Amino acid sequence: MSDAWFRERTAGAPDVLRERAGTFHDMAADTGAARLATAGAAALDAAITAGTTRAAALDLLAADGLITLALLAESERDPAGLEEAARALRRAAAERA
């Protein structure tokens with residue numbers, strides 16, 4: 001999804017969360033829903049690395065939001081394919097674990 005799409009969908013989030021999710025979004029090289037999923041995975045990795053700090057909590061919230069946005073983007077693009085997209089995200093997460 002475009003940067004404008006991302007800004008529109010995150011406009012109501014707290015500033016600090018929107019900025020942190022935006023950092024991961026900006027670093028992801030993919031496009032569309034895959035970009036959001038990649039950004040979410042990076043945020044989750046950062047949360048795990050940060051351990052039990054406040055930074056970890058913020059990164060975990062960013063990961064949750066980015067994965068949710070990836071599913072939203074997929075549902076907007078192909079509603080009938082949402083179930084498979086969700087399964088693919090779960091498989092990818094399991095492979096990273």
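The values are calculated or read from the model by the stated rules, or taken from the named source; none is laboratory data. All of these numbers come straight from a predicted model, not from anything done at the bench. In this analysis, Cβ positions are derived from the backbone assuming ideal geometry, glycine residues included, and neighbour counts consider all displayed protein chains.
Could you say whether any residue in region 67-75 is without any contact (Cβ under 8 Å) to a residue 24 or more places away in the chain, over 18 Å from Gly22 (Cβ atoms) and assigned to a helix (DSSP H, G or I)? Yes, some residue in region 67-75 is without any contact (Cβ under 8 Å) to a residue 24 or more places away in the chain, over 18 Å from Gly22 (Cβ atoms) and assigned to a helix (DSSP H, G or I).
Does region 89-96 include one or more residues that are acidic (Asp, Glu), loosely packed, with under 11 Cβ neighbours inside 10 Å and out of contact with any strand residue (DSSP E or B) (no Cβ under 9 Å at 6 or more places or on another chain)? Yes, because at least one residue in region 89-96 is acidic (Asp, Glu), loosely packed, with under 11 Cβ neighbours inside 10 Å and out of contact with any strand residue (DSSP E or B) (no Cβ under 9 Å at 6 or more places or on another chain). Within region 48-60, residues that are at pLDDT 95 or above and assigned to a helix (DSSP H, G or I) sit with their Cβ atoms under 6 Å from residues that are surrounded by 14 or more Cβ atoms within 10 Å (Cβ to Cβ) and of a type in the set (D, E, K, R), at 6+ positions apart or across chains, in these pairs: Leu58/Arg20. Residue pairs whose Cβ atoms lie under 8 Å apart, separated by 6 or more positions or on different chains, with the first residue in region 77-94 and more than 12 Å from Ala37 (Cα to Cα) and the second among the hydrophobic types (A, V, I, L, M, F, W, C) and part of a helix (DSSP H, G or I), are Arg77/Ala33; Asp78/Ala85; Leu82/Leu71.
If I filter region 68-84 down to residues being over 19 Å from Arg9 (Cα atoms) and among the small types (Gly, Ala, Ser), which single residue comes out as surrounded by the fewest Cβ atoms within 10 Å (Cβ to Cβ)? Selected residue: Ala80. Residues in region 1-32 that are assigned to a helix (DSSP H, G or I) and under 14 Å from Ala73 (Cα atoms): Asp3, Ala4, Trp5, Phe6, Arg7, Glu8, Arg9, Thr10, His25, Gly32.
Looking at region 11-56, which of its residues are surrounded by 19 or more Cβ atoms within 10 Å (Cβ to Cβ) and of a type in the set (Ser, Thr, Tyr)? Thr38 - this is the single residue of region 11-56 that is surrounded by 19 or more Cβ atoms within 10 Å (Cβ to Cβ) and of a type in the set (Ser, Thr, Tyr).
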